[in-house]
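J.: Structure provided below as structure tokens; questions to follow.
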Amino acid sequence: MARRFSRLPPLNTLLVFEAAGRHLNFSAAAAELGMTQPAVSHRVSFLEARLGLPLFRRLHRGVVLTPAGAQLLDAVSQGLTTIHDAATALRRHGGPKILHVFTDYGFAAWWLIPRLGRWSERAPEVEVQLVTAQRQVDLRQAQADVAVWFGDGAWRASRIVQWFPETVYPVCSPEFARRHPVPDAAALGNQRLLHVADVDPPLWMSWSDWFAAQGVPMGARTHDLIFNNYQLVLQAALLGQGIALGWRPLIDDLVRNRQLICLSQSPMRTERGYYIVEPPGRGQDQVVADFHRWLIEERAAAAQFPA
């Protein structure tokens, strides 16, 4: 059996090649793998010499795969995925049960973490490993069991269920509201607004979207604050720094406890929202099914919103 695979390139070299081919950038692959860019380049050059043909064309910025490189990347990716899926299945049947949950910073901080104690009481034998990112990642590459993603639901997955539609209110602290009365939408545009930094393509409602839907001009902005994640936006709102857009269900507990107040009784809604997403190509898993059911139950329990 060993003789059958004796001419295979070293596995660590194939792992480096896969990362370089997926990113089409040696520096990005190096950052993911905890290596230096020259080390990645050396491993790729070694693999090309071993196979006797180029796998990448080097460009001024990044690289592109040659036809041979694309063929090898497809085979290596499939092989690594098969190994990962088999190892994951074996881990589920032996040893402690681990649930890898992926989501964004805001959802983790303001909704999920405050409720994880209830999940632990329900499934004390399951260890939750929570990973956050501001934008979606490849769930199979990230070795995720389940994710709660915000977006339009147009992802490749084995199962996608909309969990909560995009429902947005302007919110601020009670102290800020006392100091800066806002009788209508037009007056709101005169206040300091708190923004999440734009991304391309847009993933969520922006203040410009909100004002456009209200039919009032947003006006020139000279004193607003912009943050790179929603957790910081809500922290600034709680500290009376300005007015934020508040997404349900992230703001539910804060409004219920009167830490934030809604400046409108009528929310803006879109077709986007939070979705429960399970990676593609996976079979049934009881722990994931239980977690999915728990999320649905928690959402139903929070259905009444004290606006």
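The values are calculated or read from the model by the stated rules, or taken from the named source; none is laboratory data. What you see is a predicted model; the values in this text were computed from it and never measured. Cβ: placed from backbone, ideal geometry, glycine included. Neighbour counts: every protein chain shown.
J.: Sort out which residues of the stretch 181-239 are closer than 24 Å to A109 by Cβ, part of a helix (DSSP H, G or I) and not hydrophobic (A, V, I, L, M, F, W, C), and write them in order of number.
T.: Result: D209, Y230, Q231, Q235.
Quick grid of which residues meet (1) touching a strand residue (DSSP E or B) at 6+ places or on another chain (Cβ under 7 Å); (2) modelled with pLDDT under 90; (3) at negative phi:
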| position | (1), (2), (3) |
| --- | --- |
| Q235 | no, no, yes |
| L238 | no, no, yes |
| P249 | yes, no, yes |
| Q265 | no, yes, yes |
| P280 | no, yes, yes |
| R299 | yes, yes, yes |
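J.: Name, by its number, the condition in (1) modelled with pLDDT of 90 or more; (2) surrounded by fewer than 17 Cβ atoms within 10 Å (Cβ to Cβ); (3) not basic (K, R) that does not hold for L254.
T.: If we test L254 against (1) modelled with pLDDT of 90 or more; (2) surrounded by fewer than 17 Cβ atoms within 10 Å (Cβ to Cβ); (3) not basic (K, R), just (2) comes out false.
J.: Given the structure, is A220 under 16 Å from L188 (Cβ atoms) and without any contact (Cβ under 8 Å) to a residue 24 or more places away in the chain?
T.: yes
J.: If you don't mind, another one. What helices (runs of 4 or more DSSP H) lie completely within the stretch 23-98 and have 3 or more residues being surrounded by 16 or more Cβ atoms within 10 Å (Cβ to Cβ) and at pLDDT 90 or above?
T.: Output list reads 37-51, 67-93.
J.: Next question. Does D198 qualify as being of a type in the set (D, E) and surrounded by fewer than 15 Cβ atoms within 10 Å (Cβ to Cβ)?
T.: yes
J.: I160 passes all but one of (1) over 19 Å from V255 (Cβ atoms); (2) in contact (Cβ under 8 Å) with a residue 24 or more places away in the chain; (3) part of a loop (DSSP other than H, G, I, E, B); (4) not hydroxyl-bearing (S, T, Y); which number fails?
T.: Answer for I160: the failing condition is (3).
J.: Out of G69, G52, report the one residue that is touching a residue at least 12 places away in the same chain (Cβ under 8 Å) and not hydrophobic (A, V, I, L, M, F, W, C).
T.: Result of the check over G69, G52: G69.
J.: If I filter the stretch 25-45 for residues that are among the aromatic types (F, W, Y), under 24 Å from the mean Cα position of the chain (by Cα) and either in the same structural domain as Q78 (by TED's automatic domain parsing) or closer than 18 Å to L80 by Cα (or both), do I get at least one hit?
T.: The answer is yes; a qualifying residue exists.
J.: Right, here's the next one. Would you mind telling me which numbered condition in (1) surrounded by 14 or more Cβ atoms within 10 Å (Cβ to Cβ); (2) on the phi < 0 side of the Ramachandran plot G273 fails?
T.: G273 satisfies every listed condition except (2).
J.: Just name the residue that is farthest from A300 (Cα to Cα) out of those in the stretch 240-261 that are β-branched (V, I, T) and not in a helix (DSSP H, G or I).
T.: I243
J.: Kindly indicate whether any position in the stretch 111-128 is part of a helix (DSSP H, G or I), at pLDDT 80 or above and of a type in the set (S, T, Y).
T.: Yes, the stretch 111-128 contains at least one residue that is part of a helix (DSSP H, G or I), at pLDDT 80 or above and of a type in the set (S, T, Y).
J.: Do we have any residue at all in the stretch 237-244 that's assigned by TED's automatic domain parsing to the domain that holds V148 and within 22 Å of the chain's Cα centre (by Cα)?
T.: yes
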